[in-house]
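Peer 1: Below: one structure in structure tokens.
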There are 2 protein chains.
Amino acid sequence: MTVTGPQGFRAAGVAAGIKASGALDFTLVVNDGPLDVAAGVFTRNVIKAAPVLWSQEVLKQQRLKAVVLNSGGANAATGPGGFQDTHATAEKVAEALGAGAIEVAVCSTGLIGERLPMDAVLAGVGTAVAALDASNQASLNAATGVMTTDTKPKQAFAKHDSGWSVGGFAKGAGMLAPNLATMLSVLTTDAVADKETLDRALRAATHVTFDRLDVDGGTSTNDTVLVLASGASGVEPTEAELTELLTAVSHDLVLQLRADSEGATKDVDITVQGAESEADAIAVARTIAEDNLVKTALFGSDPNWGRIAMALGRVPARIDPETVSIAVNGVTLFAKGMPAADRSEADLTGRAIEIVVDLGVGSAESTVYTTDLSHGYVEENSAYSS
Amino acid sequence: MTVTGPQGFRAAGVAAGIKASGALDFTLVVNDGPLDVAAGVFTRNVIKAAPVLWSQEVLKQQRLKAVVLNSGGANAATGPGGFQDTHATAEKVAEALGAGAIEVAVCSTGLIGERLPMDAVLAGVGTAVAALDASNQASLNAATGVMTTDTKPKQAFAKHDSGWSVGGFAKGAGMLAPNLATMLSVLTTDAVADKETLDRALRAATHVTFDRLDVDGGTSTNDTVLVLASGASGVEPTEAELTELLTAVSHDLVLQLRADSEGATKDVDITVQGAESEADAIAVARTIAEDNLVKTALFGSDPNWGRIAMALGRVPARIDPETVSIAVNGVTLFAKGMPAADRSEADLTGRAIEIVVDLGVGSAESTVYTTDLSHGYVEENSAYSS
């Protein structure tokens, strides 16, 4: 059990017939309380899908009762008709749960620019409500119903010593990047928390987890992370405790997303330290993470630090060529502007790769999580519309 | 004849033994005057190769007599020793030509972070000087000596009705991007021009040509475009005429660079119009050009405009989702925020693809030249160090 691991939640994942394959494609998560507090973060892409526009309105209210999610279609760039589809879905769920539509958040994922098959979606609501359950199987089905090119469901759970917990699932395998990977995630907690505290804790957690995953620079039209608090444990953690557990569960999910991202053969951590500011550290790490020449070299297990130097040199951050050092898997290949150890000393044949860049001009630091660029990525993204 | 097409120039391309293959790897271009005016633009990467640092100093002087270029090593990230190597190369050329070292520009291309084999380089100077000639073959050899992963030399030439001309060559096949593709180019003209006019004309020409080529976002440590004016035609064109012919030759070279770039199977023009500013138009076009999900869709001949919408939506430019339109190969697939023609109506099976994005918020426009992202790109950049 994960999204239903914390007390006070039920979930379901069913096949509504949105996907032609007949796979699970429709997920519902319900907060049975006693609290109905929630917070959310959304894509910064200005082209926002209808469900993002709707859910942002929902989050402005005080209460969130349920989240309904579909795969098989992003409902993005679909105009007013697409927004009406999202609203109709929320209404149908609300009706079944005896709530108001504005208490139901909606998430969608799949191809951009196509309307959803609303007959299937609306029929799916009834099936999902009937299947709501707090079991492990219900959690797994919920995590499965949001999958697109994901090859496996991603779930995580962590329990605090004082008796409350955080659980959740995530999906996303491509269009994974800045400021939320193309990605949907629903987190749950049975902690007691007010909306403002929960919001701050979620933003702090996503800032160092979901916001640091960058597979291909793509920022989707649909990215959403929601957290629902039921208060069912009766325990009210401090904001720091809440942030810590949300961060742990989010970090777990991010590593699962990376490992399953399209075509990835390497798990790459890029840490930039010695930066003048955290913003500089993030910008440098992100540029290296998105650089195709770096990514293809990593696919070839080649510690080509010259490409890393090239990539970081094009970032508008404070960089002094004579203080930069680059280490790959523990071997310093470039030290304060000069070649150091021979590249053959760095072994990149394993799946895990750690790149540490020290800018040598300050004390700020950040880590970005990325992958290599492989034939599998090209194949998956050229052969199928997604 | 191209780089030696304009009067007053000789060139040579020889095998100095820098490349283990024995291929041509060393090029010399000499301006025999009567003028020795020059201008240059260089990479904006803060990690600048030794030859870039040197040639920037050369361009601060009034006279430029010759340019010496090598492939087989970028001499970048090589510290003070690498700078001394560049200086020694310029000195050796200057000595052979009876000039000062500060009148000789140097360009290098190849692997970053390795010192050059200076015995071979210095011996190559004598060989190249002995081979200097104004023939077509000398032009071709010069264009060939700078090749790295290029599969063919790139040359261009254009003559003005009033009797003066512009010629030149370029190299570059990967690390091709913003603000000069990874790329070396030497242009020559027999026009009469002063340094300031030549500098402005070159900047105007590269602004809409070399600066608009973006294959993979990589900005090399070595990017250089030089123009040398001999004045040998005796004709002094207006600044507008000079700009126009430099632009024509540069545009020709850019299209050749794109066609030969690593793994490219599509030639893609991305035009953004209706932008609030040229900077916005460039930023949007560049982001679409660099987006791997767009590029892989194009490789698959898939008019996936949803990925184009996603990519443009993450640009920090003035974008109103309800005024954006997207046309691919003449078919409008997204019109003012709404899906338009079915994607199947856009035929992308040919090599040439034209994407036109109308932001609908202003009148500024820009075109960026790019390619798709293919298996060939991944293969070439993962299997070889470059």
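Peer 1: What net charge do the residues around B:G168 carry, taking every other residue with its C-beta under 12 Å from that of B:G168, with Lys and Arg at +1 and Asp and Glu at -1?
Peer 2: So the surrounding residues net to +1.
Peer 1: Mind ranking B:316-325, A:146-155 by how tightly packed they are, going by the mean number of other C-beta atoms within 10 angstrom, highest first?
Peer 2: With the highest mean Cβ count within 10 Å placed first, the list reads A:146-155, B:316-325.
Peer 1: If you count, for every residue in B:286-299, the Cβ atoms of partner chains within 10 Å of its Cβ, what is the mean?
Peer 2: 5
Peer 1: Can you give me the angle between helix B:118-131 and the longest principal axis of chain B, using Cα atoms only, in degrees from 0 to 90, rounded to the nearest 10?
Peer 2: Long axis of B:118-131 versus the principal axis of chain B: about 80 degrees.
Peer 1: Next question, about the same structure. Is there a simple number for the mean count of other chain Cβ atoms within 10 Å of the Cβ of residues in B:108-114, and what is it?
Peer 2: Per residue, the average neighbour count from other chains is 4.
Peer 1: Let me ask another. Taking only protein heavy atoms and a 1.4 Å probe, what accessible area per residue, in Å², does the range A:267-383 have with all protein chains in place?
Peer 2: 33
Peer 1: Search the structure for amide H atoms under 5 Å from the amide H of B:R10, placed 1.01 Å from N in the peptide plane, and list their residues when 5 or more places away or on another chain.
Peer 2: The answer is B:V30, B:D32.
Peer 1: First measure r as the distance between the Cβ atoms of A:S277 and A:D119, then evaluate 1/(1 + (r/R0)^6) with R0 = 35 Å and state the FRET efficiency to the nearest 0.05.
Peer 2: With R0 = 35 Å, the Cβ-Cβ based efficiency is 0.10.
Peer 1: Roughly how many debye, to the nearest 20, is the charge dipole of the range A:51-208 about its Cα centre, given +1 on each Lys and Arg Cβ, -1 on each Asp and Glu Cβ, and no other charges?
Peer 2: Rounded to the nearest 20 debye, it is 300 debye.
Peer 1: At a 1.4 Å probe, which residues in the range B:41-56 are at least 20 Å² less accessible with all protein chains present than in their chain isolated?
Peer 2: For the range B:41-56, once contacts with the other chains are taken into account, B:N45, B:V46, B:I47 lose 20 Å² or more.
Peer 1: Another question, then. Compare the Cα positions of B:A101, B:T238, B:G274 along the charge dipole of chain B (+1 at Cβ of Lys, Arg; -1 at Cβ of Asp, Glu; about the Cα centre) and return the one farthest towards the positive end.
Peer 2: After comparing all options, I get B:A101.
Peer 1: Take the alpha-carbon centre of the range A:24-82, take the same for the range A:185-262, and report the distance between them in whole Å.
Peer 2: About 15 Å separates the Cα centre of the range A:24-82 from the one of the range A:185-262.
Peer 1: Hey, which of these cross-link pairs are over 23 Å Cα-Cα: A:K159/A:K266; B:K19/B:K152; A:K65/B:K336?
Peer 2: Beyond 23 Å: A:K159/A:K266; A:K65/B:K336.
Peer 1: Could you state the number of Å between the C-alpha centres of the range B:279-341 and the range A:318-386?
Peer 2: 30
Peer 1: Continuing with this model, one more query. Which net charge results for the neighbourhood of B:A11, defined as the other residues with beta-carbon distances under 13 angstrom from its beta-carbon, given Lys and Arg at +1 and Asp and Glu at -1?
Peer 2: Counting the neighbours of B:A11, the net charge comes to -1.
Peer 1: If I stretch the segment between B:A130 and B:R203 completely, what's the gain in nm (0.36 nm per residue apart, minus their alpha carbon distance), one decimal?
Peer 2: 22.9 nm
Peer 1: Looking at the square roots a ≥ b ≥ c of the eigenvalues of the Cα gyration tensor of chain A, which shape do they give, rounded for a/c under 1.5, prolate if a/b is larger than b/c, or oblate?
Peer 2: Prolate, since a/c reaches 1.5 and a/b exceeds b/c.
Peer 1: OK, next. As a test question: what accessible area, to the nearest 10 Å², does B:R212 have when a 1.4 Å probe is rolled over all protein chains in place?
Peer 2: The accessible area comes out at roughly 10 Å².
Peer 1: For B:N45, what charge total do you get from the other residues with a beta carbon under 11 Å from its beta carbon, if Lys and Arg give +1 and Asp and Glu give -1?
Peer 2: Charge balance near B:N45 sits at +2.
Peer 1: What does the charge dipole of chain A about its Cα centre add up to, to the nearest 20 debye, if the Cβ of each Lys and Arg holds +1 and the Cβ of each Asp and Glu holds -1?
Peer 2: Here chain A has a charge dipole of around 660 debye.
Peer 1: Any idea what angle helix A:79-97 forms with the longest principal axis of chain A, computed on alpha-carbon atoms, 0 to 90 degrees, nearest 10?
Peer 2: Helix A:79-97 sits roughly 60 degrees off the main axis of chain A.
Peer 1: Next question. Once you put a point 7 Å from the Cα of B:H375 and another 7 Å from the Cα of B:A240, both along the Cβ direction, what distance in nm separates them?
Peer 2: With each label point 7 Å from Cα toward Cβ, the separation is 5.2 nm.
Peer 1: Which of rounded, prolate or oblate describes the range B:23-179 when judged by the alpha-carbon gyration tensor and an a/c cut-off of 1.5?
Peer 2: Cα axes put the range B:23-179 in the rounded bin.
Peer 1: Any idea which of B:V357, A:A123, A:M310 is furthest toward the positive side of the dipole for the protein assembly as shown, if Lys and Arg beta-carbons carry +1 and Asp and Glu beta-carbons -1?
Peer 2: Comparing the listed Cα positions along the dipole, A:A123 ranks first.
Peer 1: Say each of A:A352 and B:Q56 gets a label point 7 Å from the Cα, pointing the same way as Cα to Cβ; how far apart are those two points in nm?
Peer 2: Computed distance between label sites A:A352 and B:Q56 equals 4.0 nm.
Peer 1: Sticking with this one: Just checking the output field for B:311-324: average partner chain Cβ neighbours within 10 Å of each residue's Cβ?
Peer 2: Per residue, the average neighbour count from other chains is 4.
Peer 1: Right, here's the next one. So which residue, out of B:E262, B:E345, B:E354, gets the largest mean-square fluctuation from a GNM of chain B using Cα contacts under 10 Å as springs?
Peer 2: B:E345
Peer 1: Can you give me the relative contact order of chain A as a percent, contacts being Cα pairs under 8 Å and 6 or more apart?
Peer 2: 18
The values are calculated or read from the model by the stated rules, or taken from the named source; none is laboratory data. Since we're looking at a predicted model, the values are computed, not measured. Positions of Cβ are generated from backbone atoms using ideal geometry, with glycine treated the same way; all protein chains shown enter the neighbour counts. The accessibility values were calculated without ligands, DNA or RNA, using every heavy atom of the protein model including side chains. Shrake-Rupley method; radii C 1.70, N 1.55, O 1.52, S 1.80 Å.
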